[in-house]
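K.L.:
Before we start, here is the structure in question, set down as structure tokens.
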Amino acid sequence: MSTLGTHDPPRTERVAILQSNYIPWKGVFDMIARVDRFVFHDDLQYTKGDWRNRNRIKTPQGTQWLTIPCGSSEKRLICEVELRDSRWQRQHFDRLRQNYARTPHFERYRPWLEDVYLGTTWTNLSELNQTLTRRIATELLGFDHVTFDDSRRFGLTSHKAERVIDLLEAAGASHYLSGPAAREYLDESAFAARGIALEWMDYDGYPEYEQPHPPFDHAVTVLDLLFCVGNSAMDHLRRGARSRA
């Protein structure tokens, strides 16, 4: 059921909704760049072996995972995942430094990395992921147009596709920008019936750049792009994929 009342203001925002990921790949930030409001949807079940607590970097031995240890239990929400051992923070900083120290822009971002990994002790996975995504978007990519939001503040009780629509209405969405994988289960007519235009991200077309340790791989943390191209990172996103209605 709609959460909008008869006196609610008209919905005018383009909104994206996503579970938080650890230092996400560039496609997430391309999505963020295209919306007015980006909602973290972390009051959902935690799934192991996913992007919530890990991401990939380039190394001389090939693409490898950076993984945050947080146990394997799936009987908790993403926002409930505790980080009880902080030793991974120094390990991840060291691995990023070891594998990217010779990239053109690593030293520029090194103080930022030191603050994140060595200057802060993280105890909650959702807090870590959301904070890093916001900080990368605003501090490193220069986004100043987007509002970051958290689904928990809306107190939703619905489930699955109905929950997404209720969340969009509560967030004031006139347009929903969704990842392409959701085409398999979202009913476009249900969104249209509630006055929300459904659009799809298209992640094809990102240009390659001079990346360490060939062959080139797009499916790595956005930090790889920043270390390699610096201020040109947004140019690589703008020349890449587009959203499709």
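K.L.:
Suppose we filter 35, 81, 39 for residues that are without any contact (Cβ under 8 Å) to a residue 60 or more places away in the chain and surrounded by 19 or more Cβ atoms within 10 Å (Cβ to Cβ); which single one remains?
P.N.:
Answer to the check: 81.
K.L.:
Return yes when residue 118 is of a type outside the set (D, E, K, R) and either touching a Leu at 6+ places or on another chain (Cβ under 7 Å) or under 22 Å from residue 149 (Cβ atoms) (or both) and no when it is not.
P.N.:
It is false that residue 118 is of a type outside the set (D, E, K, R) and either touching a Leu at 6+ places or on another chain (Cβ under 7 Å) or under 22 Å from residue 149 (Cβ atoms) (or both).
K.L.:
Report, by residue number, each residue of the range 61-80 that is in contact with a Ser or Thr (Cβ under 7 Å, 6 or more places away or on another chain) and in a loop (DSSP other than H, G, I, E, B).
P.N.:
74 - this is the single residue of the range 61-80 that is in contact with a Ser or Thr (Cβ under 7 Å, 6 or more places away or on another chain) and in a loop (DSSP other than H, G, I, E, B).
K.L.:
Here is a follow-up. Got a sec? Which of 100, 22 is crowded, with 20+ Cβ neighbours inside 10 Å, under 19 Å from the mean Cα position of the chain (by Cα) and within 22 Å of residue 120 (Cβ to Cβ)?
P.N.:
Of 100, 22, the one residue that is crowded, with 20+ Cβ neighbours inside 10 Å, under 19 Å from the mean Cα position of the chain (by Cα) and within 22 Å of residue 120 (Cβ to Cβ) is 22.
K.L.:
Taking into account only those residues within the range 47-60 that are assigned to a loop (DSSP other than H, G, I, E, B) and at pLDDT 95 or above, which is surrounded by the most Cβ atoms within 10 Å (Cβ to Cβ)?
P.N.:
Across the range 47-60, the extreme among qualifying residues is 53.
K.L.:
Right, another one. Are there any pairs, at least 6 apart or on different chains, whose C-beta atoms fall under 6 Å, with the first in the range 213-240 and free of Cβ contacts under 8 Å to residues at least 24 places away in the same chain and the second open to solvent by 10 Å² or more (accessible area, probe 1.4 Å) and charged (D, E, K, R), and if so, which?
P.N.:
Every condition considered, the pairs that remain are 216/208.
K.L.:
Filter the range 25-68 for residues that are over 13 Å from residue 221 (Cβ atoms) and of a type in the set (Val, Ile, Thr); which is nearest to the chain's Cα centre (by Cα)?
P.N.:
Filtering first and then ranking leaves 32.
K.L.:
Given the criterion of a type outside the set (Lys, Arg) and either touching a Ser or Thr at 6+ places or on another chain (Cβ under 7 Å) or at pLDDT 95 or above (or both), identify the matching residue among 156, 186.
P.N.:
Sole residue among the options that is of a type outside the set (Lys, Arg) and either touching a Ser or Thr at 6+ places or on another chain (Cβ under 7 Å) or at pLDDT 95 or above (or both): 186.
K.L.:
Going by the conditions given, is residue 115 in contact with a Phe, Trp or Tyr (Cβ under 7 Å, 6 or more places away or on another chain), charged (D, E, K, R) and within 28 Å of residue 85 (Cα to Cα)?
P.N.:
Here the answer is no, as residue 115 does not meet what is asked.
K.L.:
Out of the residues in the range 143-166 that are acidic (Asp, Glu) and assigned to a helix (DSSP H, G or I), which is least open to solvent (accessible area, probe 1.4 Å)?
P.N.:
166
K.L.:
Shifting gears a bit: Of the residues 133, 123, which is under 20 Å from the mean Cα position of the chain (by Cα) and either exposed (fewer than 14 other Cβ atoms within 10 Å of the Cβ) or aromatic (Phe, Trp, Tyr) (or both)?
P.N.:
123
K.L.:
Give the number of residues within the range 196-230 that are modelled with pLDDT of 95 or more, open to solvent by 50 Å² or more (accessible area, probe 1.4 Å) and in contact with a strand residue (DSSP E or B) (Cβ under 8 Å, 6 or more places away or on another chain).
P.N.:
Result for the range 196-230: 1.
K.L.:
Pairs under 6 Å by beta carbon, first residue on the phi < 0 side of the Ramachandran plot in the range 135-148, partner at pLDDT below 95 and open to solvent by 30 Å² or more (accessible area, probe 1.4 Å), six or more apart or different chains?
P.N.:
No pair meets every condition.
K.L.:
Considering only the range 175-189, state which residues are in contact (Cβ under 8 Å) with a residue 60 or more places away in the chain and surrounded by fewer than 19 Cβ atoms within 10 Å (Cβ to Cβ).
P.N.:
179
K.L.:
Further question on the same structure: Could you tell me whether residue 140 is open to solvent by 20 Å² or more (accessible area, probe 1.4 Å) and at pLDDT 95 or above?
P.N.:
Considered against the rule, which asks whether it is open to solvent by 20 Å² or more (accessible area, probe 1.4 Å) and at pLDDT 95 or above, residue 140 comes out as yes.
K.L.:
State yes or no: is residue 192 loosely packed, with under 12 Cβ neighbours inside 10 Å, free of Cβ contacts under 8 Å to residues at least 60 places away in the same chain and in a helix (DSSP H, G or I)?
P.N.:
yes
The values are calculated or read from the model by the stated rules, or taken from the named source; none is laboratory data. Bear in mind that the values here come from a model prediction, so they are computed numbers and not experimental data. Quick reminder, even Gly has a Cβ in these numbers, built from the backbone with ideal geometry, and neighbours come from all protein chains shown. For the accessible areas, the whole protein counts, side chains as well, though only heavy atoms, and no ligand, DNA or RNA atoms are used. Shrake-Rupley method; radii C 1.70, N 1.55, O 1.52, S 1.80 Å.
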